[in-house]
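The values are calculated or read from the model by the stated rules, or taken from the named source; none is laboratory data. All values reported here derive from a predicted model rather than from experimental measurement. Using ideal geometry, Cβ is built from the backbone for each residue, glycine included, and neighbour counts are taken over all protein chains shown.
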Amino acid sequence: MSVPQRRHLTTPLPGPRSQELMARKSAAVAGGVGTTMPVFAAQAGGGVVVDVDGNSLIDLGSGIAVTTVGNSAPRVVAAVQEQVAAFTHTCFMVTPYEGYVAVAEALNRLTPGDHEKRTALFNSGAEAVENAVKIARAHTGRQAVVVFDHAYHGRTNLTMAMTAKSMPYKQGFGPFASEVYRAPLSYPFRDGGLDGATAAARALDVVEKQVGAVNVAAVVVEPIQGEGGFIEPAPGFLPALAAWCRENGVVFVADEVQTGFARTGDLFACDREGVVPDLVVTAKGIAGGLPLSAVTGRAEIMDAPHAGGLGGTYGGNPLACAAALAAIETVEQDGLVERARAVEAFLKERLHALQARDARVGDVRGRGAMIAVELVRPGTTDPDPDLARAVSAAAHAEGVIVLTCGTYGNVLRLLPPLAIDDTLLGEGLDVLEAAFASTLVGAAQ
Ligand SMILES: *Cc1c(COP(=O)(O)O)cnc(C)c1O
């Protein structure tokens, strides 16, 4: 690995070069584009991001669950280098190329279910979610789309409507697309531990009474919610939704944009309960950092739109396809599903111990290398977003990249690349634990 796998700070963060670049950013980049840390990247690999001042940071974010196979993963680098020298773009809709077809074949093989499948490729998660809705509407001749509380599906107009949280994703950006309806989720930490079947019945009752099953084109759900707070529905919730969709001719869409490609300790999060969605939406971890997304699903549904109805100039770009094939090979050859399960065991052991001695840690949850702690005021379930901010700021200052999420902003989420080693992962947790301790000292003063 070309990047030394260690945490090492040469300056306080942000260093002088990052500060200069932040000043240029403020003057040149639209203010609506925020950053988690004011630190500019120069190089990254394995579990480390090196900044422009020569500081080496531990990466517990993977660029928001994207570089699951590692940053600049060797197979991805080689494949992209070869492709970039051959051709960069022809547009698949003009003169097609093999890479696109090979990615479609790989996704048809790997996504849940062994029915006949088809795939279409796009650029971003949001674009793929939009296309899943288009396909479901074309197939059913219906319009309504059901989504859930705390959902995140993107920032385009239709996906803003599908996303739950107003600030910062929707505030001031309306009007939003119509025919989007929201149902209650299964959120074990906050719904009194309602079992999955009961939570699904509650959601479907809302759908039947307020929308009407015959009007529903698609139910779109994240099998484990991402931005919403790494909320893992109670067992039985997803199977009950899938069964209802089957009975009512509704297209069941799994948004696996954040959970896909070994992230959750299964190739796809739906695999855990054997749920077979009609359509699976993927992006983020698909191509080792290159922009690519996909909709994969039942051939008869995917083939419903007329020729020319789906596509886009860059969808399935040849560089992104080469990267995806290399990333998928890495997941399979390097046993990354097993690696994600080992990361889960490693993280949960430490975080459960933290929870046992720190009453501010209300919940430890998630699967694989997608693990979160939800922070609360001790003895309650009242969200404590200030603590999440303080802990992440303290970790950032020590050179550990962690992210927050959640409707209430009180969830710390860990999304390490699966190329990270245990030593670095352990050190990242040491820093995080020290960050919790430092905020206790602060509270006592
Ligand atoms: C990130 C995300 C999206 C949007 O993906 P973009 O590539 O940012 O458009 C959609 N759904 C889920 C579950 C996500 O995590």
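Values as computed for the structure displayed
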| read-out | value |
| --- | --- |
| Selected residue (only one of Phe230, Phe176, Phe261 is part of a loop (DSSP other than H, G, I, E, B) and either polar (S, T, N, Q) or in contact with a Cys (Cβ under 8 Å, 6 or more places away or on another chain) (or both)) | Phe230 |
| From Val49, Val76, residue being part of a helix (DSSP H, G or I), within 28 Å of Arg413 (Cβ to Cβ) and in contact (Cβ under 8 Å) with a residue 40 or more places away in the chain | Val76 |
| Residues located in segment 208-225, provided they are in contact with a Lys or Arg (Cβ under 8 Å, 6 or more places away or on another chain) and small (Gly, Ala, Ser) | Ala217, Ala218 |
| For Gln171: the one exception among (1) more than 16 Å from the ligand (Cβ to nearest atom); (2) buried (at least 19 other Cβ atoms within 10 Å of the Cβ) | (2) |
| Ala144, sole failed condition from (1) within 12 Å of the ligand (Cβ to nearest atom); (2) farther than 21 Å from Tyr314 by Cα | (1) |
| Segment 192-231: number of residues that are under 19 Å from Trp244 (Cβ atoms) and away from the ligand (no atom under 16 Å from the Cβ) | 24 |
| Filtered residues of segment 1-46 (kept if outside any loop (DSSP other than H, G, I, E, B) and either among the basic types (Lys, Arg) or closer than 28 Å to Tyr169 by Cβ (or both)) | Arg17, Ser18, Leu21, Met22, Ala23, Arg24, Lys25, Ser26, Ala27, Ala28, Ala41, Ala44 |
| Members of segment 65-108 that are of a type in the set (D, E, K, R) and either at pLDDT below 95 or within 30 Å of Ala372 (Cα to Cα) (or both) | Arg75 |
| The one condition in (1) farther than 26 Å from Asp59 by Cβ; (2) crowded, with 16+ Cβ neighbours inside 10 Å that Ala323 fails to fulfil | (1) |
| Cβ-Cβ under 9 Å pairs, at least 6 apart or on other chains, segment 414-428 side closer than 18 Å to Ala353 by Cα, far side among the aromatic types (Phe, Trp, Tyr) and outside any loop (DSSP other than H, G, I, E, B) | Asp422/Phe346; Leu425/Phe346; Gly426/Phe346 |
| Any hit, segment 340-351, residues being out of contact with any Ser or Thr (no Cβ under 7 Å at 6 or more places or on another chain), within 30 Å of Pro96 (Cα to Cα), modelled with pLDDT of 95 or more and crowded, with 24+ Cβ neighbours inside 10 Å | no |
| In segment 233-258, residue nearest to Thr282 (Cα to Cα) [restricted to those that are touching a helix residue (DSSP H, G or I) at 6+ places or on another chain (Cβ under 7 Å) and part of a helix (DSSP H, G or I)] | Leu238 |
| Test result for Leu60, over 21 Å from Ile328 (Cβ atoms) and not basic (Lys, Arg) | yes |
| Candidate set from segment 150-168 (those that are within 11 Å of the ligand (Cβ to nearest atom) and of a type in the set (Ser, Thr, Tyr)); member that is nearest to Gly32 (Cα to Cα) | Thr156 |
| Every residue from segment 120-147 that is touching an Asp or Glu at 6+ places or on another chain (Cβ under 8 Å) and not small (Gly, Ala, Ser) | Val129, His139, Gln143, Val145 |
| Residue match in segment 102-111 (condition: within 16 Å of the ligand (Cβ to nearest atom) and in contact with a helix residue (DSSP H, G or I) (Cβ under 7 Å, 6 or more places away or on another chain)) | no |
| Scope segment 264-302; condition within 11 Å of the ligand (Cβ to nearest atom) and not in a helix (DSSP H, G or I); matching residues | Val281, Thr282, Ala283, Pro291, Leu292, Ser293 |
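Per-residue answers, yes or no, for (1) more than 16 Å from the ligand (Cβ to nearest atom); (2) assigned by TED's automatic domain parsing to the domain that holds Asp266; (3) in contact with a Leu (Cβ under 8 Å, 6 or more places away or on another chain); (4) in contact (Cβ under 8 Å) with a residue 12 or more places away in the chain:
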{"position": "Phe87", "(1), (2), (3), (4)": "yes, yes, no, yes"}
{"position": "Val94", "(1), (2), (3), (4)": "yes, yes, no, no"}
{"position": "Tyr100", "(1), (2), (3), (4)": "yes, yes, yes, yes"}
{"position": "Ala120", "(1), (2), (3), (4)": "no, yes, yes, yes"}
{"position": "Gly125", "(1), (2), (3), (4)": "no, yes, no, yes"}
{"position": "Arg137", "(1), (2), (3), (4)": "yes, yes, no, yes"}
{"position": "Phe148", "(1), (2), (3), (4)": "no, yes, yes, yes"}
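Okay, residues lined up against (1) within 24 Å of the chain's Cα centre (by Cα); (2) assigned by TED's automatic domain parsing to the domain that holds Gly45; (3) among the charged types (D, E, K, R):
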| residue | (1), (2), (3) |
| --- | --- |
| Ala395 | yes, yes, no |
| Glu398 | no, yes, yes |
| Leu403 | yes, yes, no |
| Gly409 | yes, yes, no |
| Pro416 | yes, yes, no |
| Leu425 | yes, yes, no |
| Gly428 | yes, yes, no |
| Glu433 | no, yes, yes |
| Phe436 | no, yes, no |
